[in-house]
1. Looking at (1) free of Cβ contacts under 8 Å to residues at least 12 places away in the same chain; (2) surrounded by fewer than 18 Cβ atoms within 10 Å (Cβ to Cβ), which one does Ala145 not meet, given that it meets all the others?
2. Name the residues in segment 61-92 that are closer than 20 Å to Ile268 by Cβ and assigned to a helix (DSSP H, G or I), would you?
3. I'm checking my understanding of the structure. Among residues of segment 196-216 that are assigned to a loop (DSSP other than H, G, I, E, B) and either crowded, with 20+ Cβ neighbours inside 10 Å or of a type in the set (Val, Ile, Thr) (or both), which one is nearest to the chain's Cα centre (by Cα)?
4. Within segment 281-335, work out how many residues are among the β-branched types (Val, Ile, Thr), over 28 Å from Ser68 (Cβ atoms) and touching a Ser or Thr at 6+ places or on another chain (Cβ under 9 Å).
5. Please enumerate the residues belonging to segment 93-107 that are part of a loop (DSSP other than H, G, I, E, B) and either hydroxyl-bearing (Ser, Thr, Tyr) or under 21 Å from the mean Cα position of the chain (by Cα) (or both).
6. Going by what's in this entry, would Gly193 be described as of a type in the set (Gly, Ala, Ser) and at pLDDT below 95?
7. Kindly indicate whether Asp256 is more than 30 Å from Pro56 (Cβ to Cβ), modelled with pLDDT under 90 and touching a helix residue (DSSP H, G or I) at 6+ places or on another chain (Cβ under 8 Å).
8. Given the conditions (1) part of a loop (DSSP other than H, G, I, E, B); (2) within 22 Å of Pro60 (Cα to Cα); (3) among the hydrophobic types (A, V, I, L, M, F, W, C); (4) touching a Pro at 6+ places or on another chain (Cβ under 8 Å), report the number of the one that Phe327 does not fulfil.
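The values are calculated or read from the model by the stated rules, or taken from the named source; none is laboratory data. Treat the numbers as computed from the prediction; the structure is a model and nothing was measured. Note that we place each Cβ from the backbone using ideal geometry, even for glycine, and neighbour counts take in every protein chain shown.
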Amino acid sequence: MLFLPPVIARAFPRSNVLTLRAKHRSWIRGWSGSPLSSSTGVGGEDRPPLSSLLRPHLSPHASVLVSSKLRRSDLLSLFSHDEGTLALVVREYVGSQEARELGDSLADAAYSGDARNWASTAGGGRGAESTDVCTLGEHVPFNIASAGGTDAESAYFDGVVREVASRGSEGGAPHPLDALREDLDEAWPGGCGLRTGTDGREFGGGLPRIMFGPTRWRGKATPGFVHADEFGWLDEKLGTFSANIYLSLPGDEPGDKPSPLQIFPLSIHREEDWEAVAPALLEPLSAQDVVSQVAIRKALGDPVEVDARPGDLVIFCVQRPHCAVGFDDGVRVSLQCFVTHQGPEEKLLIDC
């Protein structure tokens, strides 16, 4: 049995619209999870060092867009994979005090034992592995449910109904994740809505993410687990993005703690370039071991640090290698959903 790495696990149930093309499936089926030190790639062919493969595709001018509101022009730049745009940060998308209060409430629920680990599915036959991230809510993330078969998927959609019913704020204000979907629907030319399954049932609109210190991945050499949530070249009409509303951070003021997110400016826009690089990326972006993580960081070079504060919204492409930065003490709480872009005139689709 082949255990899929984190970068692949989400893509299989959504392969009709995402970047996991037929060629990528064949590479994945051929991948055996061989050691990173091996110079032999999928199918037994020799391959050059990873650093030499990636170097031509690392953008030296990548940066983060920072705005006071969610603007259509910024979304167009981000979703089209503009060479210089790694992420979009909207300051105080949720009021900072409201964010901290909601974050504290979710952290208390997690501390009381309600949290579940957001496990990943590892390569090399290792099976599901725990991560530094926990989640709360009436359903598990869909990548976990889809690995459990038909019954688990059915339970997922039942849980989505309960999760939607449980949300709400005093005074009738929408939940921040629901407000985000409404704002994206207004800002994007094609609108925005929830992804639906083959039976018409709606996917979840997002879940809390909680990280407690001390995290497994932290420190100078491996400050966070570098990975990608989807595999594929950067197509201006197709992409998968993560939207994160930060609530609580282990240090509210800039400079108190490291930035919560690192993104590596890997920009592969052509299919033929992707074909040359993808097989070599499967192993280091899925192996939760120090040797692999040090090697992939060396090959990718310096990341771009994303400065986020309580209440900020951060959207970025999960096809680029990235990591949540670890820490020794405290808790980080955010609300997260995935956003699929299919072109400027097509509807954005949200799921989790």
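1. Here Ala145 clears every test but (2).
2. Passing the criteria: Ser77, Leu78, Phe79.
3. First pass over segment 196-216, keeping only residues assigned to a loop (DSSP other than H, G, I, E, B): 197-201, 203-206, 213-216.
If we keep only those that are either crowded, with 20+ Cβ neighbours inside 10 Å or of a type in the set (Val, Ile, Thr) (or both) too, we end up with 198, 203-206, 215.
Numbers: Thr198: 24, Phe203: 17, Gly204: 15, Gly205: 14, Gly206: 12, Thr215: 18 Å.
Top of the filtered list is Gly206.
4. Within segment 281-335, the subset among the β-branched types (Val, Ile, Thr) is 290-291, 294, 296, 304, 306, 314-315, 318, 325, 331, 333.
Still in the running and over 28 Å from Ser68 (Cβ atoms): 290-291, 294, 296.
The next check asks that each one be touching a Ser or Thr at 6+ places or on another chain (Cβ under 9 Å); those that pass are 290-291, 294.
Of the residues in segment 281-335, 3 are among the β-branched types (Val, Ile, Thr), over 28 Å from Ser68 (Cβ atoms) and touching a Ser or Thr at 6+ places or on another chain (Cβ under 9 Å).
5. First, pick out the residues of segment 93-107 that are part of a loop (DSSP other than H, G, I, E, B): 93-95.
Once the filter is applied, which keeps residues that are part of a loop (DSSP other than H, G, I, E, B) and either hydroxyl-bearing (Ser, Thr, Tyr) or under 21 Å from the mean Cα position of the chain (by Cα) (or both), segment 93-107 yields Tyr93, Val94.
6. Values: of a type in the set (Gly, Ala, Ser): yes; at pLDDT below 95: no.
Here the answer is no, as Gly193 does not meet what is asked.
7. On the way: more than 30 Å from Pro56 (Cβ to Cβ): yes; modelled with pLDDT under 90: yes; touching a helix residue (DSSP H, G or I) at 6+ places or on another chain (Cβ under 8 Å): no.
Here the answer is no, as Asp256 does not meet what is asked.
8. Here Phe327 meets the rest and fails (2).
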